[in-house]
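The values are calculated or read from the model by the stated rules, or taken from the named source; none is laboratory data. These figures come from a predicted structure and were not determined experimentally. Heads up, the Cβs are rebuilt from the backbone with ideal geometry, glycines too, and the neighbour counts pull from every protein chain shown. Ligands, DNA and RNA are stripped out before the accessible areas are found, and what is left, the full protein with its side chains, is counted by its heavy atoms. Shrake-Rupley method; radii C 1.70, N 1.55, O 1.52, S 1.80 Å.
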Amino acid sequence: MISSVKQNLSEIELKIAEAARKSGRDAKDITVIAVTKYASCERAEEAVQAGVVNLGESYEKGFLEKKEQLGDKVSWHFIGSLQSKKVKNVINKIDYLHSLDRMSLAEEIQKRAEQTVKCLVQVNVSGEVSKHGVDASNLNKFLQNLKEYDKIKIIGLMTMAPLTENESEIRKCFSELNRLQGEIKSLNLPNVTCEHLSMGMSNDYQIAIEEGATMIRIGTALVGE
Ligand SMILES: *Cc1c(COP(=O)(O)O)cnc(C)c1O
């Protein structure tokens, strides 16, 4: 039997509180994004009933279906890699884009967005070739190049930990994103506030919180596979 989202959420909230306490943080500063990319509309609805107010989707089709059904009672986070040709269909329907990873995408957003879009730059901290994201070494330059793009507001950085069971490697990735955030904030770039760190998924969100995550993206542990 699969457990209810409500039950999963209360277990996750306990673990968030524990990680926050351990690192001297306030659990209120951590936003849970329920990743529903593999979940049905019914299951997403159940998450909303359980009190979730942020949903994350990775694919255009699934996003549009759920948005149609659930509307504006939640905030919508697009967390998947976004092809430029799909920008026009999604960009004016989302509240946050977590996966800004290239200039050509920024250009398309600038062209299609009707209002300023809150974006996070996806950073490939681990350097795995399979991963999307701006290389950490190119991040400053990437942000400098965005300054003409007034439809884009950079509210944070996003990353995915390397695929490993090695906790210290995962932690290193998250703490590096935190360090990069500090570096960027000190540049005071226009359109860049960078107050958020979107990091941590079902298997590593407690580590991410200890390393400063303000947005955690949880699929499996919350709504199931
Ligand atoms: C699928 C996905 C998640 C959620 O992963 P889980 O391990 O199921 O919690 C988080 N972030 C991104 C970018 C994803 O694609």
Complete set of residues in the stretch 42-62 that are acidic (Asp, Glu), open to solvent by less than 40 Å² (accessible area, probe 1.4 Å) and more than 16 Å from the ligand (Cβ to nearest atom): none
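Residue by residue, here is whether (1) free of Cβ contacts under 8 Å to residues at least 40 places away in the same chain; (2) open to solvent by 80 Å² or more (accessible area, probe 1.4 Å); (3) not polar (S, T, N, Q) holds:
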| residue | (1), (2), (3) |
| --- | --- |
| LEU120 | no, no, yes |
| GLU128 | yes, no, yes |
| LYS131 | yes, no, yes |
| VAL134 | yes, no, yes |
| LEU143 | no, no, yes |
| LYS147 | no, yes, yes |
| LEU157 | no, no, yes |
| PRO162 | yes, no, yes |
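Residue by residue, here is whether (1) within 14 Å of the ligand (Cβ to nearest atom); (2) in contact with a Cys (Cβ under 8 Å, 6 or more places away or on another chain); (3) part of a strand (DSSP E or B); (4) modelled with pLDDT of 95 or more holds:
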| position | (1), (2), (3), (4) |
| --- | --- |
| LYS111 | no, no, no, yes |
| GLN115 | no, no, no, yes |
| SER126 | yes, yes, no, no |
| ASN140 | no, no, no, yes |
| LEU146 | no, no, no, yes |
| LYS172 | no, no, no, yes |
| MET201 | yes, no, no, yes |
| GLY212 | no, no, no, yes |
Residue in the stretch 198-212 that is surrounded by fewer than 16 Cβ atoms within 10 Å (Cβ to Cβ), in contact with a strand residue (DSSP E or B) (Cβ under 8 Å, 6 or more places away or on another chain) and in contact (Cβ under 8 Å) with a residue 40 or more places away in the chain present: no
Residue count for the stretch 1-41, restricted to those that are more than 16 Å from the ligand (Cβ to nearest atom) and either polar (S, T, N, Q) or without any contact (Cβ under 8 Å) to a residue 60 or more places away in the chain (or both): 14
Checklist (1) more than 16 Å from the ligand (Cβ to nearest atom); (2) more than 26 Å from ARG112 (Cβ to Cβ) applied to ILE184, failing item: (2)
